[in-house]
Each structure stands twice: as structure tokens, then as C-alpha cells.
Amino acid sequence: MIIYLHGGAFAMGSIRTHRDIARRLAQTSGFPVLLVGYSLTPASPYPAALDDVISVYEILRAGRVFPRPLAFAGDSAGGNLAIAATFRILERGREPPFALALFSPWLDLANSANKHESGTAREYMLDRAFLESAAEEYANGIRLDDPRISPINGPIHRLPPVHVCAAETELLASDSERLVQRGQELGVDAELQLWADQMHAFPTFAAVLPEGVSAVKKAAAFLVARAKTAKIS
């Protein structure tokens, strides 16, 4: 089963806005997909959304609703939550998801190395001021480079297999590049698909973007392949 965590800068998005990508991921992978409607800022900053995700995972992990194995998928802020949740699950000594599929994950809320610093990014959806405001609102007073807020600074070596997709010139492209590069250097089964002439989280627009359809299929194929070799206790 795939647990899908929607994007929206921790402040927007819902089960309704991401129903299409969840449906496509289910159809192409053959796995049931559960969309999580987690708590949003400003009413519910960190750790509310992460707590919601962990609660859902624990219920499913117990096998009371749907069968295992379990994977996380998500876009943008949802990608952040997928990795942050995986780290917390590992900290608790629980079985982690067998794989992750992330679309334009937002992993460095401190913006320590993003491409828009050098002016090389071309973005159709995001801007720096918006990202900075959303990051501060979510962090709830915690330093933005804290691994709980910016999982790019967490124990990447402990991650399960991870597939990452991003637009090569989007503002957050370096988050994806750094995650996969660091993961591969540390022995993680990590792969990166960079797409030209696309925008942030473009697979969520697969209803109108053929490239989005292809990207979802690649992510689904990755999850199917890793599920076959997953060791589930």
C-alpha cells in the first residue's frame, strides 16, 4: 500500500486536490493508495502534520485496515513529511516503509543551497519570499536547518530505497539532487529523474501534462520493483 502525502507548503492542499495523482499512482502500480489529510499551518505548525502521518502509518502498520507492505509517496511538502516520518519511525525502532517515491520534495527549508541563489532556476509556481514565509510558519520556532524541519540534514544513510523526480530548473531542484547524491554516496538505493521544461511538482498535473503521466509511471514501476524485494517482518 502507498501512503500519499500531498504538497502545498504545509499550508494548502488536501485529499481533494491530489485525488488525481493518487488515482494514477494506484492504477499504474496496482497498489491501493491512501491520501492523508494532515493538519495545516498556520493553525497547526510543526509537529502536527508529522504526528498525523505517524498516526496513520502506525494504524496501517498494525495491519488492522490494509495489508502491508507500506510505502510513502508525496510531492513538495509531502516529500518532506515522507522522509521526516521515515526518520521518526526508524528512531522508534519500527519497521520503515519499504520505499519512497518523491516528486519535487522540499527538504531544505533553510534554503542553504538552492539554485535560485545563483539565478539559474526557472520557476513557474514558487518564489523565494513565499518559501521563506511558509518555512517559518511551519517550523514553529525551531531552527530551519534542524533535521526535523529540513530532513536533508537528517540520517540519509538510513533511508529505504527512494525514487525522486523533479524539474531540472525548478527552485527546489537542488533538494532532489542533494538527496540522491548524498544517498548514493552513503549506499542508499536512490535514483533521480530530472525533467526538462517542467515546473515544480509537475506529476500532480498529469491530467494535462503527458510528462506528468510518464513521471507517475516511472515512480510506480520503482515501487513495484522494490516491493518484490522488500523484507517485511
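Just so you know, all these numbers are worked out from the coordinates, no wet-lab data involved. Quantities reported herein were computed from a predicted structural model and do not represent experimental measurements. Cβ coordinates were reconstructed from backbone atoms using ideal geometry, including for glycine residues, and neighbour counts include every protein chain displayed.
Quick rundown of the values:
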{"quantity": "Sparsely packed trypsin sites (Lys or Arg not before Pro) within segment 50-89, loop by DSSP, other Cβ within 10 Å at most 12", "calculated": "ARG64"}
{"quantity": "Reduced Cα scattering model of segment 2-229, Debye log10 I(q)/I(0), q = 0.12 Å⁻¹", "calculated": "-0.56"}
{"quantity": "Only Lys, Arg (+1) and Asp, Glu (-1) charged, at Cβ; segment 2-229 dipole about Cα centre in debye", "calculated": "1000"}
{"quantity": "Spacing of the two label points (7 Å from each Cα toward its C-beta) at LEU209 and ALA43, in nm", "calculated": "3.0"}
{"quantity": "All-pairs alpha carbon distance profile, segment 61-102, 10 Å steps from 0, percent", "calculated": "30, 51, 19"}
{"quantity": "FRET efficiency for SER55 and ALA196, using Cβ-Cβ distance with R0 set to 35 Å, rounded to 0.05", "calculated": "0.35"}
{"quantity": "Kirkwood hydrodynamic radius over Cα pairs of segment 124-233, then Stokes diffusion coefficient at 10 °C and 1.306 mPa s, in µm²/s", "calculated": "102"}
{"quantity": "Under 13 Å from the ALA62 label point (7 Å along Cα→beta-carbon), backbone N, segment 1-22", "calculated": "none"}
{"quantity": "In Hz, Karplus ³J(HN,Hα) per residue of segment 37-44 (6.51, -1.76, 1.60; θ = phi - 60°; x = Gly, Pro)", "calculated": "x, 7, 5, 10, 7, x, 5, 9"}
{"quantity": "Computed lengthening from PHE130 to ARG16, 0.36 nm per intervening residue step minus Cα-Cα distance", "calculated": "38.8 nm"}
{"quantity": "Order by protection proxy (mean Cβ within 10 Å, highest first), peptides 211-222, 26-37, 175-186, 73-84", "calculated": "73-84, 211-222, 175-186, 26-37"}
{"quantity": "Span-rule helices in the chain, defined as complete DSSP H runs reaching 24 Å or more along the axis (Cα) with Kyte mean at least 0.0", "calculated": "210-229"}
